[in-house]
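J.: One structure is given below, represented as structure tokens, and several questions about it will come after.
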Amino acid sequence: MLSLEQLSQMVKEHLGLCEYVEGIEYACKWAIEESPLGGRGLIATEDIMAGEVLFVDRPLIHGPRAGTAQPQGCTVCGNLDSDNFYKCSKCALLLCSEECQNTDVHFNDCSIVSRWDNKEPINEVDYNIMSRALTPIRALLLNEDQRLFMGYLQAHTLPQHGAEIRTLKEYFEIPEEEEQLMTLACCALDTNAYQIATPYGKKETSLRGLYPVSGLMNHNCVPNTRYYFNSDLQMTVKAAKPIRCGAEIFSCYSGVLWGTPARRTHLYKTKHFFCKCDRCADPTERGTLLGALKCFSKLCPGYLLPVEPLKTNSVWRCLECDMRVPYANICTIQGALGGLMGSLNFENVGELENFLVNRITKYIPKTNQIAVDLQCRLIWAFGEVEGYRWHELSESRLALKESLCRGTLRTVAALGVGDAHLRGLLLYHLHAALAERARRSPDLYEELKSEIESTIEQAYYILQGDISAPPDLELRRRYLGPGCDKPQEERFFILDA
Ligand SMILES: C[S@@+](CC[C@H](N)C(=O)[O-])C[C@H]1O[C@@H](n2cnc3c(N)ncnc32)[C@H](O)[C@@H]1O
């Protein structure tokens, strides 16, 4: 068994290989230690300031995510939208062009698969099966040291992990040693991998990466870090708020705006633990009421919340009238709400708006995660999506966007997640809504100026370097941020353009 010192040495060597992003100061202010949660974790060895870079990780392996809901595109460039998709005749991997086929990436992938004997003709192998198994297949390209490193990561070995390789075996004769390594890779991926963000607004195959240092971060529903990716797949992890010496460094494995029942169920199903953090133990989730339901009593305006949120089958209670509701009834309502959401076409902004404004809030409080999710979808869409672009956006929708941004920013602040990625995005959208208001009514500019400037400045501070940041982030900061000495008309020319 590897000691913590030996693992730390491996981690240092791994990080030492990173090419640091220019301008980012890097100092190691943490160590790998036994976590009070069990297993290992990253613990701060000095006080860390908000915004400090903790480390820049790179993946041992990366490739398409394994979920059946993920649309699979070209296995080289990730392109999802091509008229020329075809399967490689040697390995059945999906490609979009000869250019992609002639890359080293495809050569390496193909050389592994094409040396296996087929059980079925290769043209009958479904490219989806190949895509889902491709990331663990790439583990066969790792050198001895990298295999050792992967082997020291925590890996859950329940029957559901490794399904991609069992399916692959229906089509290929795979040597046992290779099967074992790929199955280990599946288990390590399922336990540790991070979804890699795609460029803002771009539809590409959704990727996952086995980032071995990030994989040592345990989970907290109020994380104290944020992370982002660059185009070279480097993952930069920063402190999202001050971290005291001796405190554990946490990431969040679930949606930050999900309510407690949804987060805990997801964490149990995918990472096999029941989170017991302070947020999970607090029925109101720091006053955000993200999991709350409306009281079942028609005359009562109160909200239902679990009495003992750390128990999955807790009774729920109305904060106003004290009505008690058994867990089974809560499950029925949550199931019905899930069904309603499932019937929505998320591409149709009008349908989402109508559903949020006229339907769903009859049944759930505006604070409930489902309403908050719909609110975020409208924030992202208004100003950007065909039919709702800035010049097409009505005054009332512009006002709605602004108020939704403010409300969601309040929720994010109440949760205490500091300068999380989500806060950066919300600040960007609030800035954009305010700037649009000032563009439409130039007389308002002086009144709005300081908020237009401070929101873009803060958004830039949080999102800079992030491949998924809005592409005009920097331009907006230059023209509409603080310190710009251009006259008002010139400052707004980027919006007119
Ligand atoms: C990515 S690993 C984290 C590092 C791991 N502790 C180690 O020793 O390598 C994820 C696994 O760590 C454990 N874990 C992470 N956060 C936890 C938490 N808040 N409470 C309990 N277990 C946790 C779970 O077993 C989870 O599946």
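The values are calculated or read from the model by the stated rules, or taken from the named source; none is laboratory data. Just so we're clear, the structure is a prediction, and the values are computed from it rather than from any experiment. Here the Cβ positions follow ideal geometry from the backbone for every residue, glycine too, while neighbour counts run over all protein chains shown.
J.: For Lys203, work out the one condition from (1) more than 30 Å from Ala281 (Cα to Cα); (2) within 16 Å of the ligand (Cβ to nearest atom); (3) surrounded by fewer than 15 Cβ atoms within 10 Å (Cβ to Cβ) it doesn't fulfil.
T.: (2)
Okay, residues lined up against (1) more than 29 Å from Asp47 (Cα to Cα); (2) in a loop (DSSP other than H, G, I, E, B):
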position	(1), (2)
Pro223	no, yes
Arg226	no, no
Leu233	no, yes
Gly246	no, yes
Tyr253	no, yes
Glu285	no, yes
Gly291	yes, yes
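J.: Arg317: surrounded by 16 or more Cβ atoms within 10 Å (Cβ to Cβ), among the basic types (Lys, Arg) and in contact with a strand residue (DSSP E or B) (Cβ under 6 Å, 6 or more places away or on another chain), yes or no? Full working, then the answer.
T.: Numbers: surrounded by 16 or more Cβ atoms within 10 Å (Cβ to Cβ): yes; among the basic types (Lys, Arg): yes; in contact with a strand residue (DSSP E or B) (Cβ under 6 Å, 6 or more places away or on another chain): yes.
It is true that Arg317 is surrounded by 16 or more Cβ atoms within 10 Å (Cβ to Cβ), among the basic types (Lys, Arg) and in contact with a strand residue (DSSP E or B) (Cβ under 6 Å, 6 or more places away or on another chain).
J.: With the condition being of a type in the set (D, E, K, R) and more than 25 Å from Thr312 (Cα to Cα), I'd like the helices (runs of 4 or more DSSP H) fully within the stretch 323-398 carrying at least 1 qualifying residues.
T.: Per the criteria, 349-354, 369-381.
Okay, residues lined up against (1) away from the ligand (no atom under 12 Å from the Cβ); (2) part of a helix (DSSP H, G or I); (3) aromatic (Phe, Trp, Tyr); (4) at pLDDT 95 or above:
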{"site": "Gln146", "(1), (2), (3), (4)": "yes, yes, no, yes"}
{"site": "Gln160", "(1), (2), (3), (4)": "yes, no, no, no"}
{"site": "Arg166", "(1), (2), (3), (4)": "yes, yes, no, yes"}
{"site": "Tyr211", "(1), (2), (3), (4)": "no, no, yes, yes"}
{"site": "Gly215", "(1), (2), (3), (4)": "no, yes, no, yes"}
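J.: Let me ask something additional. Among the residues of the stretch 313-353, which ones are within 22 Å of Thr260 (Cα to Cα) and of a type in the set (Asp, Glu)?
T.: Residues satisfying the conditions are Glu320, Asp322.
J.: Go through the stretch 28-79 and tell me which strands (runs of 3 or more DSSP E), entirely inside it, have 1 or more residues that are closer than 23 Å to Gly162 by Cβ and more than 16 Å from the ligand (Cβ to nearest atom).
T.: Answer list for the stretch 28-79: 62-64.
J.: Picking from Ala262, Ala292, Ala240, which residue would you name as being under 18 Å from the mean Cα position of the chain (by Cα) and surrounded by 22 or more Cβ atoms within 10 Å (Cβ to Cβ)?
T.: It is Ala240.
J.: Any residue in the stretch 213-231 that is surrounded by fewer than 21 Cβ atoms within 10 Å (Cβ to Cβ), more than 27 Å from Thr260 (Cα to Cα) and not acidic (Asp, Glu)?
T.: Checked against the condition, which is being surrounded by fewer than 21 Cβ atoms within 10 Å (Cβ to Cβ), more than 27 Å from Thr260 (Cα to Cα) and not acidic (Asp, Glu), the stretch 213-231 yields at least one hit.
J.: Just to be sure I understand the filter: pairs with C-beta atoms under 6 Å, separated by 6 or more residues or on different chains, first member in the stretch 272-291 and in contact (Cβ under 8 Å) with a residue 60 or more places away in the chain, second member near the ligand (Cβ under 9 Å from one of its atoms) and part of a loop (DSSP other than H, G, I, E, B). Which pairs pass?
T.: Once the first residue is in contact (Cβ under 8 Å) with a residue 60 or more places away in the chain and sits in the stretch 272-291, its partners that are near the ligand (Cβ under 9 Å from one of its atoms) and part of a loop (DSSP other than H, G, I, E, B) give His272/His156; Arg279/Cys221.
J.: Could I ask something else about it? So for the stretch 353-362 (the condition being assigned by TED's automatic domain parsing to the domain that holds Arg440 and aromatic (Phe, Trp, Tyr)), does at least one residue qualify?
T.: No, because not a single residue in the stretch 353-362 is assigned by TED's automatic domain parsing to the domain that holds Arg440 and aromatic (Phe, Trp, Tyr).
J.: Which of the residues that make up the stretch 258-287 are touching a strand residue (DSSP E or B) at 6+ places or on another chain (Cβ under 8 Å) and away from the ligand (no atom under 16 Å from the Cβ)?
T.: Passing the criteria: Pro261, Pro283, Thr284.
J.: Okay, moving on. Among the residues in the stretch 288-307, are any within 16 Å of the ligand (Cβ to nearest atom) and on the phi < 0 side of the Ramachandran plot?
T.: no
J.: Is it fair to say Ala185 is within 25 Å of the chain's Cα centre (by Cα) and part of a helix (DSSP H, G or I)?
T.: Against the criterion (within 25 Å of the chain's Cα centre (by Cα) and part of a helix (DSSP H, G or I)), Ala185 qualifies.
J.: Scan (1) under 27 Å from Arg423 (Cα atoms); (2) surrounded by fewer than 15 Cβ atoms within 10 Å (Cβ to Cβ); (3) polar (S, T, N, Q) for the single condition Thr284 breaks and write down its number.
T.: For Thr284, the exception is condition (2).
J.: Condition first: polar (S, T, N, Q) and out of contact with any helix residue (DSSP H, G or I) (no Cβ under 6 Å at 6 or more places or on another chain). Now tell me which residues in the stretch 136-160 satisfy that.
T.: Listed by number, the residues that qualify are Asn143, Gln146, Gln160.
J.: Give the residues of the stretch 85-115 that are touching a strand residue (DSSP E or B) at 6+ places or on another chain (Cβ under 8 Å), surrounded by fewer than 17 Cβ atoms within 10 Å (Cβ to Cβ) and in a loop (DSSP other than H, G, I, E, B), sorted by residue number.
T.: Phe85
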